[in-house]
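This report refers to the structure that appears directly beneath it.
The values are calculated or read from the model by the stated rules, or taken from the named source; none is laboratory data. Everything numeric here is computed off the predicted structure, so don't read it as measured data. When we count neighbours, we look across all protein chains shown, and the Cβ atoms used for this are built from the backbone with ideal geometry, even at glycine. Only protein heavy atoms, including side chains, enter the accessible area calculation; ligands, DNA and RNA are left aside. Shrake-Rupley method; radii C 1.70, N 1.55, O 1.52, S 1.80 Å.
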Amino acid sequence: MGDVVEDESTFYSKAERYWQEVPPTVDGMLGGYGSISNIDINGSRRFLKRYLGEGPDKTGTNCALDCGAGIGRITKRLLLPLFRTVDMVDVTSEFLDKARSFLGEDGRRVDNYYCCGLQDFQPQPGRYDVIWIQWVIGHLTDEHLVSFLRRCRVGLRPGGLVVVKDNVAHEGVVLDEVDSSVCRDLPTLRSLVQRAGLEVLQEEKQENFPDEIYQVQTLALR
């Protein structure tokens, strides 16, 4: 990825500045595509529920981590209905402040609001049944993504699951100068997952998104 990201510190600081200017709304979290939120959540719920339950190879429902959580769109609609408690992590403090009102009464079941970039975040070892990472890995360099996924692996409870849901490029790695992020193709993403010591259990394309946006894939990792 070094050929598209020339300066690491600029890559991160530019992204932080971009998100500080984004309104703390669902439409803001989705880059103006707030209308796809229901389609996205419904697809994620179907994907995730295959793994949840009791028994061999099943994933528990005690605690989930929402990475790049923003104002809590995914926490509210996907994770809180399925898990007893949720932790949220996001680099933008204004989003986490907004989350407290956005989540309403169910926000009482959010144990921790962490204001931190994922390149620096350390998930608590053995705490999480599911670590959900959506539309945020493009803000990490390759090395930081591999390191973060390794820390996520340590953060899982027995039978736990890491889920990555993100845009995928048709080929190679594409830099977005506007929000200072990258979009990787699936072979690149798979190789980084492998370097992190995780196995891809399942890949699924998100259907019914607008044609003009990137294809979105969901990967279950363990």
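Summary of computed values
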| quantity | calculated |
| --- | --- |
| Listed peptides 48-56, 65-73 by packing density, highest first (mean Cβ within 10 Å) | 65-73, 48-56 |
| Debye log10 I(q)/I(0) for the chain, one point scatterer per Cα, at q = 0.08, 0.11, 0.16 Å⁻¹ | -0.25, -0.49, -1.14 |
| Loop sites in the stretch 181-222: GluC sites (Glu not before Pro), DSSP, at most 16 other Cβ within 10 Å | E199, E207, E212 |
| Residue-normalised accessible area of the stretch 141-222, given per residue in Å² at a 1.4 Å probe | 47 Å² |
| Solvent accessible area, Å² - S101, 1.4 Å probe, full protein context | 80 Å² |
| Neighbourhood net charge (15 Å Cβ-Cβ; Lys/Arg +1, Asp/Glu -1) for K58 | +1 |
| Net charge, L96 excluded, C-beta distance under 15 Å - Lys, Arg +1, Asp, Glu -1 | -3 |
| Within the accessible area of the stretch 145-222 (1.4 Å probe), percent carbon and sulfur | 45 percent |
| Candidate lysines for bridging to K76, where Cα separation is under 26 Å - those fewer than 8 sequence places away on the same chain excluded | K49, K58, K98, K165, K205 |
| Derived scalar couplings ³J(HN,Hα) [the stretch 164-181; Karplus, 6.51 cos²θ - 1.76 cosθ + 1.60; whole Hz; x for Gly, Pro] | 10, 10, 7, 5, 10, 7, 5, 7, x, 10, 10, 8, 9, 5, 5, 9, 6, 9 |
| Rounded, prolate or oblate (a/c below 1.5 giving rounded, otherwise prolate when a/b exceeds b/c) for the stretch 62-179 by Cα gyration tensor | oblate |
